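Here the structure comes first, spelled out in structure tokens, and everything after it is commentary.
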Amino acid sequence: MATASHRIYIHEVASRDGFQIEPSFIPTEDKIRFINALSHTGLAKIEVTSFVSPKAIPHLRDAEEVMKAIERVPGVVYVALVPNARGAERALMCKADELNVFMSVSETHNRANVNRTSEQSLAGFKEVMDAVRAANAQVRMNASLSTSFGCPFEGDVPAERVLAFAERCLELGMHGVTLADTTGMANPRQVRELVTSAVQAFGADKITLHFHNTRGMGLANVVAGLEAGVTRFDASLGGLGGCPFAPGATGNICTEDVVHMLHEMGFTTGVDLDKLLSVARALPKIVGHDVPGQVAKAGKSSDLHPLPENLRV
Ligand code: COA
Ligand code: ZN
């Protein structure tokens, strides 16, 4: 179990996983302002955008503009999601600190998402690594493994398959791997078992967990991940998020709710929760609708209410 003495690292993904599936395009200026506000809240990483085909994800067609215009606050790692060597080149031109390549461990979802077999995706990762080395770029590399806890088309995904792909990504020279529950199928027991094996095999510092709260198990899965020793979690402000190529995909676990829970449990995150909440409370105006996050509405558990008049002495 990660204990309260462990720092927990929060990776914000709202401007990528969130904005990619919004009903409307978020104007570039709003994206930049939003990311700049997040940069001052103490988050460890911000996944800014993705350098994918603008035909596949039209809402992130302004990736270059956003990545180049945002303020770079020291200490924050600015991440770009990339599908292939072309995406990596685009992201490197914009000076991303970390490239996050992605594939699904289930064949069907990988085909739906990036039109490749899983093996082809892995070969593509090698091409990306080669391009990064050829450019002599000082960039961190991470691989996200979607559908690690279940596939919306195929159902169960064998743990051995997930661990094998994670191992092969690390063998390619990736600094870390993210085990992603793309459509919220993971349950806490499964998380504890799979992630304990991953931590034993690769070490906790190599692993990030990415949960969606599709079926209400998101925060329970974070606790299971902590129990397995993981200290890095993706989350999305307001609980926005979802993959357009996965049926029924809904929001990620909500950043401010995760941070609130971790602080109540005694963990350190480096995040200023009040600042984060003020950015979260501005989010419905940016996206034009209510968002799932709960703490922004209810307030922190430490925000006490005034005593009712009839109970005052
Ligand atoms: N950036 C911009 N454009 C790209 C690109 C990149 N990184 N990679 C490919 N393209 C363009 C190609 O130039 C081509 O354009 P054209 O139709 O005008 O000729 C088109 O995208 C298709 O490219 P192709 O190499 O034939 O690949 P594909 O059709 O098999 O698509 C992906 C593969 C990965 C590029 C595409 O499916 C994609 O971007 N998917 C996004 C998945 C995603 O972001 N999911 C959500 C996050 S999990
Ligand atoms: Zn996701």
Can you list the lysines whose alpha carbon sits under 19 Å from that of Lys126, skipping same-chain ones fewer than 8 residues off?
Lys206
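Within the chain, which is the longest segment containing none of the GluC sites (Glu not before Pro) that sit in a DSSP loop and have at most 16 other Cβ atoms within 10 Å?
Longest stretch, sites excluded: 155-313.
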Would you work out the relative contact order for the chain, in percent, from Cα pairs under 8 angstrom that are 6 or more residues apart?
21
Most fluctuating residue given options Val287, Val258, Val191, as computed from a GNM of the chain linking Cα atoms under 10 Å
Val287
PRE zone check, label point 7 Å out along Cα-to-Cβ of Asp30, amide N under 17 Å, scope segment 47-83, hits 49, 58-63, 66
Of Lys31/Lys300; Lys31/Lys275; Lys31/Lys68, which ones are farther than 21 Å apart at the Cα?
Lys31/Lys300
Residues of segment 235-265 with backbone N under 14 Å of the label point set 7 Å from the Cα of His40 along Cα→Cβ are none
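At a Förster radius of 25 Å, what calculated FRET efficiency corresponds to the Cβ-Cβ distance of Gln120 and Glu167, to the nearest 0.05?
The computed FRET efficiency comes out at 0.85.
With runs of 4+ DSSP H residues as the only contributors, calculate the mean residue ellipticity of the chain at 222 nm using -39,500 (n - 2.57) per run, divided by the residue total and rounded to the nearest 500. Spell out each step's value before the answer.
Numbers: 11 runs with 120 residues, N = 313.
Computed ellipticity for the chain at 222 nm equals -11500 deg cm²/dmol.
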Approximate spin-label separation Ala201-Glu65, in nm, with each point projected 7 Å along Cα-to-Cβ
4.3
Looking only at segment 3-43, which residues have a backbone nitrogen under 11 Å from a spot 7 Å from the Cα of Val73 in the C-beta direction?
35-43
Modelling each spin label as a point 7 Å along the Cα-to-Cβ direction, I'd like the Gln294/Glu89 distance in nm, to one decimal.
4.7
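Here, each number is a calculation from the coordinates, and none is a lab measurement. Bear in mind the structure is a predicted one, so any value in this text is a computation, not a measurement. Please note: Cβ atoms are built from the backbone with ideal geometry, for glycine as well, and neighbour counts cover all protein chains shown.
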